[in-house]
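Each value in this text was obtained by applying a stated rule to the coordinates, not by laboratory testing. For clarity, every value in this text was computed on a predicted model and none was experimentally measured. Note that we place each Cβ from the backbone using ideal geometry, even for glycine, and neighbour counts take in every protein chain shown.
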């Protein structure tokens, strides 16, 4: 007979308005399996901590997003945001579903090509496009989204040298009623800078002006801002047609759609407040359809959403290291997951669940990572069951940015696995070792170890 774990007696404060003198039962629902694979089995085989990605969730989320837009607009194209999660297996799932690639660096451009995406299905964004990669993008017939005038002038020189007209769009920033404004990228709409850039492109005859692009912010909780942005891009499009008789091929609305994570300081959970794909689609497509663009000239609508497509598909599994009381008497739990692996814990109140059923006994707890840094806080305060050393837990909705912004600070980056729709587990990135870190280092001759 298994020995029952001891649980200390506790006193729980009752709050007015609860339905009985015993208070409301607090239940923390465990996450024992991911896509029918046991959490404990995953950790036993691949170690702790461990990143897990659900391919089934990725595909279902993409299909829901595509349905929301394609039922409202005749020409829709998604482009997977490589900076959100550029593990090859992740990118290839979205490419299989029909996504192009959206990249913001030369490194990501090469990754997209290596993943089998032809240049004419790559959108090249960002303020830092080295000349060698602008040249490569021109030769590969990629869509180059011009960010500033210096880039425009460089492209014009390259076009003359290569005797090829680059396929370009401009990035437009604008006032959509959101603070802070994202006006450090692209050309401003309100002060006429965007129209100035378009005029220079059109009169130079050095470019193929294909589209217009905007990315108004990140984790956008209001859909109205997208409607405003789409209307302003449509206004530029009609201006081009009116002045030059030029019809653009696409309008790229960027990304920034919110996932169901809860932001720090939010009163309600993200599952209740984040807009749906249908709500984003309604705002964007209505603005385009009701604009001055002629029906026969409606451009292709491109979406670069990353976070909202991948966040729900990601999990981070870990193990409790210890429990201790702070000097204030506040309970803390130390786990083997640090902010070097979970960068998004700086702005999300991540959902943390035990990996096995627990009792209703809970306590306000701070969850700290293993790093020797005071900022290594996974949750500052949460109602959490009394887990013990060696107990497993699951952090949900971590698929976006954590696998691109992670670092090997104090602890190394762990294994990443993907569970396919048939519940088979695949290792898609091996954990790091000391050799992984040292292989890039070089030791000067005078520091070489001498034989004793």
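Below is a table of values for the structure above.
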quantity: When region 360-444 is reduced to its Cα atoms, the Kirkwood hydrodynamic radius in Å; calculated: 16.3
quantity: Folded to 0 to 90 degrees: helix 224-244 orientation relative to the chain principal axis, Cα; calculated: 20
quantity: Contact order relative to length of region 55-311, as percent, for alpha carbon pairs under 8 angstrom and 6 or more apart; calculated: 20
quantity: Stretch gain in nm, segment residue 297-residue 44, where the contour uses 0.36 nm per residue and the Cα spacing is subtracted; calculated: 85.4 nm
quantity: Between helix 149-162 and the chain: long-axis angle, C-alpha atoms, 0 to 90°, nearest 10; calculated: 60
quantity: Taking all pairs of distinct alpha-carbon atoms in region 119-179, Kirkwood radius in angstrom; calculated: 12.1
quantity: Centroid-to-centroid separation of region 220-278 and region 367-435 [C-alpha atoms, Å]; calculated: 32
quantity: The chain: angle of helix 193-204 to the longest principal axis, Cα-based, in degrees nearest 10; calculated: 50
quantity: Mean separation of Cα contacts under 8 Å (6+ apart) over length of the chain, as relative contact order %; calculated: 19
quantity: All Cα pairs of region 84-195, percent lying beyond 21 Å; calculated: 43
quantity: Intensity falloff of region 55-311 expressed as log10 I(q)/I(0), Debye formula with alpha-carbon point scatterers, at q = 0.14, 0.15, 0.17 Å⁻¹; calculated: -0.94, -1.08, -1.39
quantity: Rg to Rh quotient for region 129-247, alpha carbon positions, Kirkwood Rh; calculated: 0.99
quantity: Calculated Rg and Dmax of the Cα atoms in Å (choose from [x] 25.3, 84; [y] 21.3, 67; [z] 31.9, 120), label; calculated: [x]
quantity: Ratio Rg/Rh [Cα only; Rh per Kirkwood] for region 188-235; calculated: 1.05
quantity: Region 309-452: mean projected area of Cα convex hull, nm²; calculated: 13.1
quantity: Reciprocal mean inverse distance between Cα atoms of region 211-291 - Kirkwood radius, Å; calculated: 13.8
quantity: Relative packing of 397-408, 306-317, which averages over residues the other C-beta atoms within 10 Å, highest first; calculated: 306-317, 397-408
quantity: Simple label model, 7 Å out from Cα along Cβ direction - residue 75 to residue 435, nm; calculated: 5.2
